[in-house]
Amino acid sequence: MKQRLQHLGMGIRIGFGFVVVLALMGALSAIGLRYVAEANQRLKDIAESNNVKTELATMMQSALRERALSMHTLPILTDPFDKDEEVQRFNAQGSLYIQARNRLESMPLSPEESKILDQILAVTRVAQPEVQAVVEMSIFNDNQTEIFDRIRSVAMPRQRAIAKQVSALLELQRAQTAVAVKNAQTSYTRVRNLMLGLGTAALLMGMAIAAFVSRRATHQARQLATQAMYDPLTGLANRSLLHIQLEREIVLSKREDTPFAVALMDLDRFKEVNDTLGHDVGDELLREVGRRLKETVRAEDTVARLGGDEYVVVLHNMDPGDVPAIANKMLTALDRPYHWQNQSIDLGASLGISLYPSQCGDASELLRCADIAMYVAKRSGNGYALYAQEQERTSRGDLSLKSELREAIQSGQLSLHYQPQIDHGSQQVVGLEALVRWNHPQRGFLAPDKFITLAEEAGLIGSLTHWVLKTALNQLAPLHRQGYYLSVAVNLSARNLHDMELPANIHALLNESGVAPESLTLEITESAVMANPNDGLAILTELDRMGVTLAIDDFGTGYSSLAYLKRLPVDELKIDKSFVMEMEVNENDAVIVRSTIDLAHNLGLKVTAEGVESQTAWVKLGILGCDYSQGYFMGKPMPIDELMDWLRKSSWSRAPDNVYYAAL
Ligand code: C2E
Ligand code: MG
Ligand code: MG
């Protein structure tokens, strides 16, 4: 749809370009035609007025000639009638002359013309009386010799002076006409040149527009191709381009008889970081992952992003023996901490690898196999896994596990192990953490890591948590009755914090079991709260109001903001075992443990350390002011019977007061 709109937009722009060129050409033609019409009109005007003037001047010239002729004819005529007729002709020519001259004077005249006409008037005034006198002599005097003498010596020279001026006038008019024609020609040439110039300009403009439009079109076509083939966030190949590259690799591999590998990876903690630190940070991390992968592999390898936090690398010409080295190289690159606003973020990745042609026959199968291997890598926590046939069973096994889990919750295949929590002050057990186990009929005991995520994915976490809470409270109640006033801690999953019924359900379970709310602790991870801050806060506030103790589990591994933590109604922090277990050898971990304890105390919270495996750790934690500890050193998670035994025998457990009194 978007592409169709872009095509339409381009079409509109091209059409618009052509309309502009056409309009320009039209406007130029109109201007040119107007110029030509104007030049024509000017020429026509000049021609017409000059024609009239020349005609009038010619009339004057001919009238002068006729009158000169009459002047010469009159003296030789004897018949009075003939004379009379000749005089009339003479006078008529005089009238014609005056008429022509008057009309000339009334026309628009150039200064030169006016000057000549003035001169004509002047010489006419001088000549007229003499010519008149000669005519009268010719009528009344018979002395022809005298008359001709007078004509020759006086009248004709004056008459010729007029004729000369009239000729000058005619000459001037001819010259003027020639100039006008020349001007008109120049004007034509100018118009023609202008038209040629403008036409060329329009053509060049049209060509420029065409070049611009075609460049834009090419650019857009390239952009569309890029959009269709590349991931806009990272600039890496997208799924479509990946498939094309895979097909190409398969062809190359067949032709050159070389194997290649497909590595599919998924970031281990991306969702958590994205939920906690926000999408902008998430996007930047995804870009950084892309950059690191590109830097790690060779130029001929293809790095693609499938979406979310999944990446694929097509490793060109890859010998299966080289796979571990390249897999480790990629994992090392991705394991390096990421930095954001002075925070160091560990993402980690799991990588699944499939091989062509030894394992899979086509592009889709290569991706499917790599996906299964990746899943295995994630589960095992080994970083990477190479695809193997039997993994298919494992992944199918997970599907069947999901359906079996529902059954397991109802049919008593789940059980709880309890791990003691020891108070540093009294050195005595004060609480238990309930940890769920699944005694699978075929697979034996399964640790929660193997099925908690499955339960979340299958929508079973609500009933699982309900089962754990109910069992823990029902098993704690008899302990209380026996005088072991211990608290029990139950782990909640992130999804439980979406369940607004949870506080009411817990209230009912407390009532049923008769356990006081103060004896129940609920453990939630930082990321679980951050993933759902609004509902989470409402649920936790309600539980706090009921008197239940709230603890933040695995503290230090998430990215919660302290400002937010302060607003939570929690009572306790549990330092993650990864820091505690290493604190004796790793100075950084020791610093984290120490500062977490101080931080918790400053916020008015109690601190529990997890993963205490040695006496040194126990002692050191005591010195640092840690309130409670749990770990293999004091007691491993145990089934209820074993726990009862431990409670009776362990030095961490004093015989209960009422039992002691009963014995007395
Ligand atoms: P967690 O809540 O942090 O539980 C502590 C884990 O650390 C337990 O693993 C425990 O066996 C182990 N641990 C205790 N002391 C030591 C020690 O000294 N050294 C070492 N290496 N490990 C120690 P477990 O039982 O496998 O549980 C793993 C996680 O599964 C728990 O981590 C918790 O997040 C989750 N989980 C357990 N039970 C439940 C449950 O009922 N509901 C939910 N939602 N999650 C549960
Ligand atoms: Mg816990
Ligand atoms: Mg923990």
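Rounded to whole Å, the principal axis extents of the Cα atoms in the chain read 198, 65, 46, largest first.
When only Cα pairs below 8 angstrom with a gap of at least 6 residues are kept, segment 215-337 shows a relative contact order of 31 percent.
The Glu295 and Glu518 beta-carbon pair, evaluated with R₀ = 41 Å, returns a calculated FRET efficiency of approximately 0.15.
Relative to the longest principal axis of the Cα atoms of the chain, the long axis of helix 111-140 makes an angle of roughly 20 degrees. If I take R0 = 25 Å and measure r between the Cβ atoms of Glu247 and Thr218 in this structure, what FRET efficiency does the formula 1/(1 + (r/R0)^6) give, to the nearest 0.05? The computed FRET efficiency comes out at 0.40.
Placing pseudo-labels 7 Å out from each Cα toward the beta carbon at Ser403 and Arg481 gives an inter-label distance of 4.1 nm.
Hey, quick one: spin label on Glu390, modelled 7 Å out along Cα-Cβ, who in segment 440-480 has an amide N within reach, i.e. under 16 Å? Only 443 pass the distance filter. What residues from segment 635-654 fall in the zone where the backbone N is under 13 Å from a label point 7 Å along the Cα-to-C-beta line of Asn439? Flagged as within label range: 639-642. The length gained by stretching the chain between Gln41 and Thr54 to full extension, at 0.36 nm per residue less their Cα-Cα distance, is 2.7 nm. Sorted largest first, the spans of the alpha carbon positions of segment 2-209 along the three principal axes are 116, 27, 21 Å.
Would you work out if segment 407-649 is rounded, prolate or oblate? Take a ≥ b ≥ c from the square roots of the eigenvalues of the alpha-carbon gyration tensor; rounded if a/c is under 1.5, else prolate when a/b is larger than b/c, oblate otherwise.
Here segment 407-649 falls in the rounded category.
If you average 1/r across every pair of different Cα atoms in segment 239-379 and take the reciprocal, what Kirkwood value do you get, in Å?
Values: mean 1/r = 0.0649 Å⁻¹.
Here the Kirkwood hydrodynamic radius works out to 15.4 Å.
Spatial offset of segment 587-613 relative to segment 134-176 amounts to 142 Å, using the alpha carbon center of each. Rounded to the nearest 10 degrees, the inclination of helix 640-649 to the longest alpha-carbon principal axis of the chain is 60 degrees. The Rg/Rh ratio for segment 382-481, using Cα coordinates for both the radius of gyration and the Kirkwood hydrodynamic radius, is 1.09. Against the longest principal axis of the chain, how steep is helix 2-73, in degrees 0 to 90 to the nearest 10, with axes from Cα atoms? Approximately 10 degrees, to the nearest 10.
Want the number for Leu22 to Ser415: 0.36 nm per residue separation, take away the alpha-carbon distance, what's left?
132.9 nm
Taking a straight Cα-Cα cut-off under 20 Å and skipping sequence neighbours fewer than 8 places away in the same chain, the lysines within cross-link reach of Lys649 are Lys636. Among DSSP bridges having both ends in segment 407-649, what percentage is antiparallel? Round to the nearest 5. Percent antiparallel among DSSP bridges in segment 407-649 is about 45. Each of Phe140, Phe212 was scored by other Cβ atoms within 10 Å of its Cβ. Listed from fewest to most, they are Phe140, Phe212. Among the listed pairs Lys271/Lys470; Lys53/Lys115; Lys271/Lys378; Lys44/Lys182, those whose Cα-Cα separation exceeds 19 Å are Lys271/Lys470.
Label segment 337-437 by shape, choosing from rounded, prolate and oblate, from the square roots a ≥ b ≥ c of the eigenvalues of the Cα gyration tensor; if a/c is under 1.5 it is rounded, and otherwise prolate applies when a/b is larger than b/c, oblate when it is not. Oblate is the answer for segment 337-437, as a/c is 1.5 or above yet b/c matches or exceeds a/b.
Taking every alpha-carbon pair under 8 Å whose residues sit at least 6 apart, segment 445-596 reaches a relative contact order of 17 percent.
Across segment 310-376, Cα pairs under 8 Å and at least six residues apart give a relative contact order of 23 percent. Tell me, what is the FRET efficiency for Asn602 and Asp641 to the nearest 0.05, using R0 = 41 angstrom and their Cβ-Cβ distance as r? With R0 = 41 Å, the Cβ-Cβ based efficiency is 0.50. For the modelled label position 7 Å from the Cα of Ser650 along Cα-to-Cβ, which residues of segment 580-618 have backbone nitrogen atoms closer than 17 Å? The answer is 608-618, whose backbone nitrogens lie closer than 17 Å to the label point.
Taking every DSSP bridge with both residues inside the chain, close to 60 percent are antiparallel.
Between Thr186 and Ala122, full extension at 0.36 nm per residue minus the direct alpha carbon distance yields a gain of 19.2 nm.
Any read-out appearing in this document is the output of simple, stated calculations on the displayed coordinates, not a laboratory observation. None of these values were measured; they are calculated from a predicted model. When we count neighbours, we look across all protein chains shown, and the Cβ atoms used for this are built from the backbone with ideal geometry, even at glycine.
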